[in-house]
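Asker: Got a structure here, written out as structure tokens. Questions coming.
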Amino acid sequence: MGILDFLTGEFIDVIHWTDDTRDTMVWRFEREDHEIKYGAKLTVREGQAAVFVHEGQLADVFTPGLYMLETNNMPILTTLQHWDHGFQSPFKSEIYFVNTTRFTDLKWGTKNPIMCRDPEFGPVRIRAYGTYTVRVVDPAKFLSEIVGTDGEFTMDEISYQVRNIIVQSFSRIVAGSGIPVLDMAANTLELGKLVAGELSLVLSGYGLETPEFYIENISLPAAVEAALDKRTSMGLVGDLNAYMQFNAAEAMGAENSAMASSMGAGMGAAMGMGMAGQMTGMRAGPWGAAPAAAQPAAPPPPPPVEKVWHIVEGSETQGPFSRATMGQKAGSGALTRDTLVWTAGQDGWKKAGDVTDLATLFTILPPPPPVG
């Protein structure tokens, strides 16, 4: 390669930038100490801007398009370089490409609660979070105020500062809006527009703007939300006196159930102790030692209920008669096997001879009288 080819290779004649990232805001074109050829081609794509910095001073800014770098389209650089008209020598300048598209889905949130005065609840603390978008609208100002000489500047490097500005503006607007806390959820769109407008005023000093600002949620402390839930529940109750009476009756029912359960458990325990004492006595046997303490005897079972009978004599019903009376009638012949009888629990009238309890009255005869 000849000396002329080598010198030609030292001159840059094509300048452009293709971004393959999603968060780069500024990228410096690396010329590696090579000079830019007079008449070189500069390509600035949509969503980009190119800023020339010459010897530490901001020079020309190029918007999207294709440019031939000559004195007629680099007025500021021409003035800084003291070029005469038609001067065509190579030059050295730093070239920064600035991404002017929107950076979307950026998160913001209040790290600490915001104090505000509610017309209904008084002083309250609220929290909020959401998303926003940001873009560069003044590349030269953004470069001079934020980026400086950083060769590759990303959104992460400024997002923290932007979030602080958002929280400050949001706090001031919400505190001075006078909107009740309970109505803020219905006015998030209007609050978002107010915050976005104030943000744009602040961020314009950095060459930025926030085209979109969204409030996703505004929440109260857990204790306040619990009180609101209780207040809502009281609103659903309606008649407070009736509700209190219902609660009292329900509590009494629960107390009675608990007392019944306790009494049942006590009776069961007493019965268990009695049975244990009886079994202890049985195990001791007639030759065993007497128990340490006599256990009370179990109450006798209730006497059986005696059946009474009704009989049919002619076309009339007679009775009721006890079994002893029925035996007397059987002995005198007033009650026979074919006499219809009925007692409680019996299925209809039956012949006396077909009833088990009465059939024996006709089979047991008295012994013969003694001979004198």
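The values are calculated or read from the model by the stated rules, or taken from the named source; none is laboratory data. Just so you know, these numbers come straight off a predicted model, no measurement behind them. When we count neighbours, we look across all protein chains shown, and the Cβ atoms used for this are built from the backbone with ideal geometry, even at glycine.
Asker: For region 192-245, give me each residue that is over 15 Å from A128 (Cβ atoms), surrounded by 11 or more Cβ atoms within 10 Å (Cβ to Cβ), at pLDDT below 90 and small (G, A, S).
Answerer: Result: G197, S200, A226, A227.
Asker: Need the failing condition index for I76 against (1) under 30 Å from I218 (Cα atoms); (2) of a type outside the set (F, W, Y); (3) not assigned by TED's automatic domain parsing to the domain that holds R163, just the number.
Answerer: Looking at each condition in turn, I76 falls short on (1).
Asker: While we're looking at this one, here's another question. Quick check on region 128-138: of everything there that is in contact with a Phe, Trp or Tyr (Cβ under 8 Å, 6 or more places away or on another chain) and over 20 Å from L189 (Cβ atoms), which residue is surrounded by the most Cβ atoms within 10 Å (Cβ to Cβ)?
Answerer: V136
Asker: Kindly list, by first and then second residue, each pair from a residue in region 141-163 that is in contact (Cβ under 8 Å) with a residue 40 or more places away in the chain and in a strand (DSSP E or B) to a residue that is surrounded by 17 or more Cβ atoms within 10 Å (Cβ to Cβ) and of a type in the set (F, W, Y), limited to pairs with Cβ atoms under 6 Å and residues at least 6 apart or on different chains.
Answerer: E152/W27
Asker: Now, a different point. Give the number of residues within region 179-195 that are touching a residue at least 24 places away in the same chain (Cβ under 8 Å) and over 29 Å from the mean Cα position of the chain (by Cα).
Answerer: Qualifying residue count for the region: 0.
Asker: With D105, D138 as the choices, which residue is closer than 29 Å to I215 by Cα and either small (G, A, S) or in contact with a strand residue (DSSP E or B) (Cβ under 7 Å, 6 or more places away or on another chain) (or both)?
Answerer: After applying the criteria, what remains is D105.
Asker: For G130, only one of the following conditions fails: (1) within 30 Å of A50 (Cβ to Cβ); (2) in contact with an Asp or Glu (Cβ under 8 Å, 6 or more places away or on another chain); (3) in a strand (DSSP E or B). What is its number?
Answerer: Only one criterion is unmet by G130, namely (1).
Asker: Shifting gears a bit: For region 8-127, which strands (runs of 3 or more DSSP E) that fit wholly inside it have 1 or more residues that are among the basic types (K, R) and loosely packed, with under 13 Cβ neighbours inside 10 Å?
Answerer: Here the list reads 103-109, 114-118.
Asker: Looking only at region 306-332, count every residue that is farther than 13 Å from D357 by Cβ and among the aliphatic types (A, V, I, L, M) and tell me the total.
Answerer: 2
Asker: Could you say whether any residue in region 59-75 is touching a residue at least 24 places away in the same chain (Cβ under 8 Å), under 26 Å from Q161 (Cβ atoms) and of a type in the set (D, E, K, R)?
Answerer: Within region 59-75 (the criterion being touching a residue at least 24 places away in the same chain (Cβ under 8 Å), under 26 Å from Q161 (Cβ atoms) and of a type in the set (D, E, K, R)), the answer is no, since none of the residues qualifies.
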